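Right, one structure below, let's go through it.
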Amino acid sequence: MSFAFHRMRARAVACGAFLVLSMTATAQDSLEIATLDNSAMGPLAISVLRQAYGKLGVDLKTRVLPLRRGVQMADRGEIDGDLLHSLPSLKEWDNLIVVRVPLARAVFVAYMVGDTCPLAIARSELATARVAYMRGTRAVEDVVPTQALLATTNNLDALRHVQRGIAQYAVIGQLEGDALVAKHQWRHLCKVSEPVASADLFHSLNKRHGQLAERLELVLQEMSDSGEIRRIWSREIQRVRAGLQQAGE
């Protein structure tokens, strides 16, 4: 074989390798994570993550899934990651890497039928009642005994259980609960002011994205230190509250 032929073959191999690397890089530039339906908090966290991933040149895509199924699929690698979970919940999954900068703090409150609600409700009282909640919400499961819990698919169903008399209380995220009560104009439901539980929430990625998780954590920490995350949340919460006010009119 001639020298020219060997050179042509080397160029072909090099071009092929470049194409493979380009395709791999392109595939890594898009990421799909699980998120929730009927969640007011989800879009706020997504706004933060889109900004953070954008700084890394990654296009973030979301797929609406039930809470438990989403984290299961992320752990199995069927999708790239999960939007938000508490640390105790994420410890159950061996194949997930926690990005250890909290994206949100969830506050869980009790809703019940009534014109006015008490300022607080004792956990001992919840233990002897029927309490609807969204299946897989670890912060609620940790404070309400199992025998009192009535698991539902989402926050909307939890509130409907209270509305229909199936449960005495719905303990769900305050932001989501307020949004749903306003949207459906359930004026016969009231909210107990003092939270039942609270928890910091974290984003997680399947372990195959270990290097990306490290880079993302650094970006989010910088955004947190500079106040950028706080500014995004402030802007988005104002938008949500404006929507709540409009829905309640």
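What to note about this one:
- Judged by the mean number of other Cβ atoms found within 10 Å, the most tightly packed of the peptides 115-127, 68-80, 140-152, 183-195 leads the ranking 68-80, 140-152, 183-195, 115-127.
- Kirkwood Rh in Å, taken over all unlike Cα pairs in the range 124-165: 10.3
- Full-stretch length increase - ARG187, ARG164 - with 0.36 nm per residue and alpha-carbon distance subtracted: 6.9 nm
- Normalised by the number of residues in the chain, the mean separation of alpha-carbon contacts (under 8 Å, six or more apart) gives a relative contact order of 26 percent.
- Counting Lys and Arg as +1 and Asp and Glu as -1 over every other residue whose Cβ lies under 13 Å from the Cβ of GLN168, the net charge comes to +1.
- For ILE172, residues with placed amide H under 5 Å, excluding near neighbours: VAL109, TYR111
- Residues ARG100 and ARG63, FRET efficiency given R0 of 30 Å [Cβ-Cβ distance, rounded to 0.05]: 0.80
- 5 angstrom amide H check on ALA167, placed H, neighbours 5+ away: VAL162
- Protein accessible area in the range 132-249, 1.4 Å probe - carbon and sulfur %: 45
- Distance in nm between pseudo-label sites at THR153 and THR128 (7 Å out along the Cβ direction from Cα): 3.4
- When only the Cβ of Lys, Arg, Asp and Glu is charged (+1, +1, -1, -1), the dipole of the range 147-249 relative to its Cα centre reaches about 380 debye.
- Amide H to amide H, with H built 1.01 Å from N, ALA197 comes under 5 Å of PHE108, counting only residues 5 or more places away or on other chains.
- Distance from the range 125-152 to the range 47-84 (C-alpha centre basis), Å: 27
- Once the 1.4 Å probe is applied to the protein heavy atoms, the range 89-209 comes out at 46 Å² accessible per residue.
- Of all beta bridges that DSSP places with both ends in the range 49-207, some 75 percent have antiparallel geometry.
The values are calculated or read from the model by the stated rules, or taken from the named source; none is laboratory data. As the structure is a prediction and not an experimental result, all values here were calculated from the model. As a convention, Cβ positions derive from the backbone with ideal geometry for all residues, glycine included, and neighbour counts pool all protein chains shown. Surface areas here come from the heavy atoms of the whole protein model, side chains and all, with no ligands, DNA or RNA. Shrake-Rupley method; radii C 1.70, N 1.55, O 1.52, S 1.80 Å.
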